[in-house]
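Read the structure below first, then the notes.
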Amino acid sequence: MNADIPDLTHKVAVVTGATGGMGQIIAADLVRAGAHVVTIARNPARADALRARIGSQATNRLDVIAADLSRRADVVTAANTILDRHDQIHILINNAGAHFPEHRVSADGIEMHIALDYLAAYGLTTLLHVPLRHGQARVVNVASDTLNDTRQIKLAGKPRPATLDLADINDLAELNPAAGFAPFEAYARAKLMTVTAGYALAHNLAADEVTINALHPGIVATDIIDDLVPPLLRPMRTLIRRSLLTPTEGANSATRIATDPRLSGVTGRYFNRDTESTTPPVSHDPTTQQRLLTLSHTHFAN
């Protein structure tokens, strides 16, 4: 249990990606701090491990909604279920994400990094905006510092930030195409989109005291790391994992951004673990931000 989390009795928290790795620890810590936690799981059976971690005395404060967050219809259905049950949300941690080593598209024809690593967070944040406003919520989008440097091996040379050119894009299905697909860059672009949209939404929701911040929790030894390790280094995966942060360390950074009283009112920021940091200039460009919001809104309006 994270003893640094304040008392969250009577608070409602929504946590995605909570059935494994870092998300399971985040959800369990919030429940133990007194919150009623809503999780969204593609495979609800995996929530059994989360219930076991929480313990029988607190499982009445855990709800599991079955949904595949890479699907637009499931995001909408999950949001509607939450809207039916809760008129206030105090914490939203968009933690769900994955790395896909091959080009795949969702049921909606969207490349999977865009669908899961970006649109799920955007969709829940905007579809739940009313209870988020009522709860003066703190939203944390779990990102990745790959958005600042898409090189997998950083032995020499300058950082190579992720790119996001929307000037000639009319549909999000056009992003991360199969031709020339580079998995690591596609993943980083989706995380850059999350941060870019988050900056704009933070501005839009600030009047209602909703805060939205993004977090790189550090390089955490979760299942996603096995896909991110470049082929040249895969024989050393076990050694590499030993040098990484534990899921608990990554989870503690997320819960701190979501609950630390000293960060009350702080919004529109990007944190590399516990330190406020920078993101590529394109993420701060108002034209790119508004174009991204328009394309994303259209996706959920279809």
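Annotation: extensible slack from V105 through A206 equals 33.0 nm (criterion: 0.36 nm per residue apart, minus Cα-Cα distance).
Between the residues A162, G34, V139, the greatest Cα displacement towards the positive end of the dipole of the chain, with unit charges on the Cβ of Lys, Arg, Asp and Glu, is found for G34. Annotation: amide H-H contacts under 5 Å for V64 (H modelled 1.01 Å from N, sequence separation of 5 or more, or interchain): T39. For a label point 7 angstrom out from the Cα of T248 toward its Cβ, which stretches of the range 14-47 have the backbone nitrogen within less than 18 Å? 20-33, by backbone N distance to the label point. Packing order of peptides 174-182, 26-34, highest average first: 26-34, 174-182 (average count of other Cβ atoms within 10 Å over each peptide's residues). Hey, quick one: spin label on K158, modelled 7 Å out along Cα-Cβ, who in the range 264-284 has an amide N within reach, i.e. under 20 Å? Output list for this probe position: 278-284.
Please give the charge dipole size of the range 112-203, origin at the Cα centre, charges +1 on K and R Cβ atoms and -1 on D and E Cβ atoms. Round to the nearest 20 debye.
400 debye
Residues whose amide H falls under 5 Å from that of S277, counting only those 5 or more places apart or on a different chain, are Y270, F271, N272, with hydrogens built in the peptide plane. Using the Cβ of I169 as centre and a radius below 13 Å, the other residues enclosed give a net charge of -3, where K and R count +1 and D and E count -1.
Over all other residues within a Cβ to Cβ distance under 15 Å of E111, the charged ones net out to -1, with Lys and Arg as +1 and Asp and Glu as -1. Rounded to the nearest 20 debye, the dipole magnitude of the range 66-159 is 280 debye, with +1 charges on Lys and Arg beta carbons, -1 on Asp and Glu beta carbons, and the Cα centre as origin.
Take every DSSP beta bridge whose two residues both sit in the chain; close to 15 percent of them are antiparallel.
Of all the Cα-Cα pairs you can form in the chain, what percent are over 34 Å apart?
On the way: 6749 of 45451 pairs.
Cα-Cα pairs in the chain separated by more than 34 Å: 15 percent.
Under the 0.36 nm per residue contour assumption, what length would be gained going from the current alpha-carbon distance of N43 and E174 to full extension?
On the way: separation 131, 0.36 × 131 = 47.16 nm, distance 2.89 nm.
Fully extending the segment from N43 to E174 adds 44.3 nm.
Charge tally for T211 (other residues, Cβ to Cβ under 15 Å; Lys, Arg +1; Asp, Glu -1): +2.
Given +1 on the Cβ of Lys and Arg, -1 on the Cβ of Asp and Glu, and no further charges, what dipole in debye does the chain carry about its Cα centre, rounded to the nearest 20? Before the final figure, lay out each step's value.
On the way: 28 positive and 30 negative charges, 142 e Å.
Once rounded to the nearest 20, the dipole reads 680 debye.
Each reported figure results from applying straightforward, stated rules to the coordinates on display, with no laboratory input. Every value quoted in this text rests on a predicted model; they were computed, and no experiment measured them. Please note: Cβ atoms are built from the backbone with ideal geometry, for glycine as well, and neighbour counts cover all protein chains shown.
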